[in-house]
Amino acid sequence: MPVVSGSSARGLAEDLARQLDWQHVQMESRRFPDGEGYVRVPEDAISSVRDQDVVVVSNTFPDSGIVETLLILEAISDVRAGRLASLKGGMDSQDDVGAGLFLAIPYFGYSRQDKRFQKGEAISAQALGRIFAGHCDGIVVLDLHAPVALEGLEVPVKFVSAMPEVAEYLSENVKPDFILSPDKGAIERASSVARAIGCRFSYLEKVRIDAHTILHQPKDLDVEGSIVAIIDDMISTGGTICKASEALHSQGATEVHAACTHGLFTDGAISRLDKFVDGVHATNSLPNPRSSISGGKALARGVRELLDI
Ligand code: R5P
């Protein structure tokens, strides 16, 4: 079956195709001079996207990724529905092959606006979820910040996590003896890594003042002489990790690492992190300079579950 990618997730789509032993299809994609996107199903892939179920791998980040994801789904839907006539001629219309178009989203942009924090706000994660659900027959999402945001969509949604791969990577390369969740929201993910490795675990309570300022409630962590890995779903400015690392060092941790699924690394985050931690490890859900862990294995688990294969 084809695993299709546009410009945002080629490496991960190839990784997923390898895991599933399927064929990788790269969409033709480019940008017009004004920045608008263009996609096309390559001529030689028309029959494969019609003959079998299709999984599109596309990041909905940054905003241009949202538009490209929709254009890819629309182009493939047209091909599958047999709408093949064009101004430049070519094939006539063909039969509609029906359902079988799935979307695998490695990094779901806007996932942190999962609630209406103040009246008048859009619940962005939910709004985007509804739009994508209207263009495909099922969705797989990797380490979504808060799955509740995509509850009740009109197509099935499978949530998968790369934490088993994060645990395996840390066991082999970092050998931590303590795992820390930097806030309550990451407890489930971080504690699953601690269980998989078989090491101690604790968490901090975080208060976010603004996008660049956070505070942690002071807590005794018992990390004297320990190698600690801080686990989060995503690292953006790095502020959360740097603050947690300060607390760990001040309590005697000998080495501090940070690991996450989504390495956004905005605003000079990498150079900031390099001053506070001994290593930063992320998956390839987004292209990033610290991508050392495969997200393809987790996506493959989700695709198998969604397609029941
Ligand atoms: C929020 O709760 C997330 O799980 C992350 O902790 C957060 O997005 C990290 O952001 P930053 O790196 O900017 O502190």
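Annotations
- Exposure proxy order (Cβ contacts within 10 Å, fewest to most) of 3, 155: 155, 3
- Counting 0.36 nm for each residue step from residue 28 to residue 210 and taking away their Cα separation leaves a gain of 61.5 nm.
- Based on alpha carbons, the Rg and Dmax found for the chain are 20.9, 71 Å.
- Mean separation of Cα contacts under 8 Å (6+ apart) over length of the chain, as relative contact order %: 15
- Net lengthening on full extension, residue 184/residue 38 (0.36 nm per residue, minus Cα-Cα): 48.5 nm
- Phi angles of segment 140-147 translate, via the Karplus equation with coefficients 6.51, -1.76, 1.60 and θ = phi - 60°, into HN-Hα couplings of 10, 10, 8, 6, 6, 3, 9, x Hz per residue; Gly and Pro are given as x.
- Plainly put, segment 163-284 has a radius of gyration that is 0.92 times its Kirkwood radius, both from alpha-carbon atoms, as the Rg/Rh ratio.
- For a label point 7 Å along the Cα-to-beta-carbon line of residue 86, residues of segment 8-38 with backbone N under 11 Å: 28
- Interchain or long-range residues, amide H under 5 Å from residue 56's placed H: 4, 102, 103, 104
- FRET efficiency, residue 309 to residue 224 (Cβ-Cβ, R0 51 Å, nearest 0.05): 0.55
- The number of Lys pairs in the chain with C-alpha atoms less than 17 Å apart, excluding pairs fewer than 8 positions apart on the same chain, is 9.
- Once the Cα-Cα distance is subtracted from the 0.36 nm per residue extended length, the residue 159 to residue 94 segment shows a gain of 19.9 nm.
- Residues 275, 175, 243 arranged by fewest to most Cβ contacts within 10 Å: 275, 175, 243
- The translational diffusion coefficient of segment 1-105, from Stokes-Einstein at 25 °C and 0.890 mPa s with a Kirkwood hydrodynamic radius over alpha carbon pairs, comes to 176 µm²/s.
- Put in order of Cβ neighbour count within 10 Å, fewest first, the listed residues 234, 163 become 234, 163.
- Label-point separation in nm, residue 123 to residue 217, each point 7 Å along Cα→Cβ: 2.7
- Cut-off under 5 Å, modelled amide H: who pairs with residue 24 long-range: 3
Computed from the coordinates by the stated procedures, all read-outs in this text should not be read as laboratory data. Source: prediction; values computed, not measured. Quick reminder, even Gly has a Cβ in these numbers, built from the backbone with ideal geometry, and neighbours come from all protein chains shown.
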